[in-house]
1. If each of residue 36 and residue 74 carries a label point 7 Å out from its Cα toward its Cβ, how far apart are those two points in nm?
2. Quick one: if you stick a label point 7 Å off each Cα along the C-beta vector at residue 100 and residue 56, how many nm between them?
3. To make sure I understand, if each residue's beta carbon is the centre and we count other beta carbons within 10 Å, what order do 80, 65 fall in, fewest to most?
4. How big is the Rg/Rh ratio for the stretch 48-130, C-alpha atoms only, Rh by Kirkwood, two decimals?
5. Which length gain, in nm to one decimal place, applies between residue 110 and residue 127 when the Cα-Cα distance is subtracted from 0.36 nm times their residue separation?
């Protein structure tokens with residue numbers, strides 16, 4: 001849990017300036033906001049724990065209405081550049097405000113409590129589609 005909280009704190013510190021830029025009047029790009037998340041699980045994470053994470057993440061769009069679209073899958077790249085990340089998730093939002101509401105939503109925070117103990121690392125990137 002400490003690792004997850006540390007990762008989350010680092011993510012918030014890193015992303016905060018970008019969030020502020022998104023909120024400037026008239027600066028929100030047209031297109032869709034993609035929130036891409038990649039998970040690397042601890043070696044000791046069991047298959048059932050990983051499946052519980054997959055299921056819980058897939059439930060979030062039903063619980064958090066600002067999620068416009070959700071896709072996920074496991075790594076199949078032959079390039080061997082995954083750095084141990086096995087799962088990828090893409091959430092689509094209409095606005096930065098919707099993404100921000102998702103980040104602090106109680107169901108998202110509850111999901112973080114579930115995934116934290118089995119997570120070795122997480123990677124997150126948000127971008128606007130062109």
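Values in this text are rule-based calculations from the coordinates and carry no lab data. All values derive from a computational prediction rather than experimental measurement. Reconstructed Cβ throughout: ideal geometry from the backbone, glycine too, with neighbour counts over all protein chains shown.
1. Spacing of the two 7 Å Cα→Cβ label points: 2.1 nm.
2. Taking the two extended label points, one gets 2.7 nm.
3. The most exposed by this proxy come first: 80, 65.
4. Across the stretch 48-130, the Cα-based Rg/Rh ratio is 0.96.
5. 3.7 nm
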